[in-house]
Amino acid sequence: MMNHYKTDKNEICQEWRDNLAAFAKEHEFPKEAVDALSGALELTIGNDHLYDVFTQWEQNYWENPNMDYILLQNTLESLDGEEGISKYTFALLFMIGISRHTWELYQKQGISREIFHDSMADMHWKLLECHRMYDIWGTFVMHWFPWWFQLKRFALGRLQFELIEFEDEYAKDGLILHKGDPVINVHIPSCGTLDYEKVRDAYARAAEFYKDVMGTYPLVFVCESWLLFPAHKEILPENSNIRRFLADYGVYRTEETNKDLWRIYYGAEQNDFANLPEHTGLERAYKKWLLDGHMAGQSWGVYRYLHI
């Protein structure tokens, strides 16, 4: 099942083209994005330096999925502007390229195509975020990607999960967690509304997926997110999906910060709050909160999952 990395340039380039086309179709990339990425790929193929960088790092991944991703990121960032291509585009192109080998790793571990599809779909959401933030088809969060390609993070329905060690101490309602205890970390991709039924389904999938590795430990989800900001009980209406998501968690730490406002306004918050858009209920509610002199925030929470 596991293929050795090819060395013939014609074969490699055709594999890149075919993989990009198939990936973009499967994940429904906008046509403008497909054209931009395809054009950047052809420029990469035609530039000996870029081609050599891509092939060498692909081979590194083939040989060791736990390669030095920090050095990879630095290398791709150093290419910024070559052939007129943004470092953000290089980053996404490269990760899409190695995904064809990632699927082989999934197969080797017996993980379904559905989970692979949903996990790789994160590149779609990051593509759209990058375009909204910088008007560039690519990704500006290269540091986020390694765990996907090391098979440490998985999308299971609406949410994304990874097994980590708890970094704090927690004791409430009979649940005691110590630093180092295994817990399941939760991420919420920007792929539409946070439908609560889909959230519940994702937790159920994760409970099944991780049940063996959790063993006798309680099944605990942890999350660090702006979505857990307790002030949402004041900012948002009672029936909001964000408040329903928040209600499952015991929030044990909060920091007031506006650093995640970009997740709502995609850069517009860097200007005067009075000019923030009001296209959605969330935008309107947060705009009022900010204009009233309040800060946004991020919080850390714990959710003990009980099978129902």
Next item on the list: Would you check which residues across segment 238-263 are free of Cβ contacts under 8 Å to residues at least 40 places away in the same chain and either within 15 Å of Leu291 (Cα to Cα) or surrounded by fewer than 16 Cβ atoms within 10 Å (Cβ to Cβ) (or both) and list them?
Entry: Glu238, Asn239, Ala247, Asn258, Lys259, Asp260, Leu261
Checklist line | Test: Phe140 is part of a strand (DSSP E or B), touching a residue at least 40 places away in the same chain (Cβ under 8 Å) and out of contact with any Ser or Thr (no Cβ under 8 Å at 6 or more places or on another chain) | finding: no
Check: Of all residues in segment 275-284, which are surrounded by fewer than 19 Cβ atoms within 10 Å (Cβ to Cβ) and aliphatic (A, V, I, L, M)?
Finding: Leu282
Checklist line | Filter result for Glu129 (out of contact with any Gly (no Cβ under 9 Å at 6 or more places or on another chain) and surrounded by fewer than 16 Cβ atoms within 10 Å (Cβ to Cβ)) | finding: no
Item checked: Residues satisfying the stated conditions in segment 98-123, i.e. assigned to a helix (DSSP H, G or I), open to solvent by 10 Å² or more (accessible area, probe 1.4 Å), touching a helix residue (DSSP H, G or I) at 6+ places or on another chain (Cβ under 9 Å) and of a type outside the set (Lys, Arg) -> Trp103, Leu105, Gln107, Ile115, Phe116, His117
Check: Which pairs do you get when a residue that is free of Cβ contacts under 8 Å to residues at least 40 places away in the same chain, found in segment 201-225, comes within reach of a residue that is outside any helix (DSSP H, G or I), reach meaning Cβ atoms under 6 angstrom, with the pair 6+ apart or on two chains?
Finding: Tyr217/Pro182
Checklist line | Criterion (over 18 Å from Cys13 (Cβ atoms), in contact (Cβ under 8 Å) with a residue 12 or more places away in the chain and crowded, with 20+ Cβ neighbours inside 10 Å) met by exactly one of Leu93, Leu76, Leu37 | finding: Leu76
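The values are calculated or read from the model by the stated rules, or taken from the named source; none is laboratory data. The model shown is predicted, which means the values in this text are computed figures rather than measured ones. Ideal geometry is used to build each Cβ from the backbone, glycine not excepted, and the neighbour counts take in all protein chains shown. Surface accessibility is based on the protein's heavy atoms, side chains included, excluding ligands, DNA and RNA. Shrake-Rupley method; radii C 1.70, N 1.55, O 1.52, S 1.80 Å.
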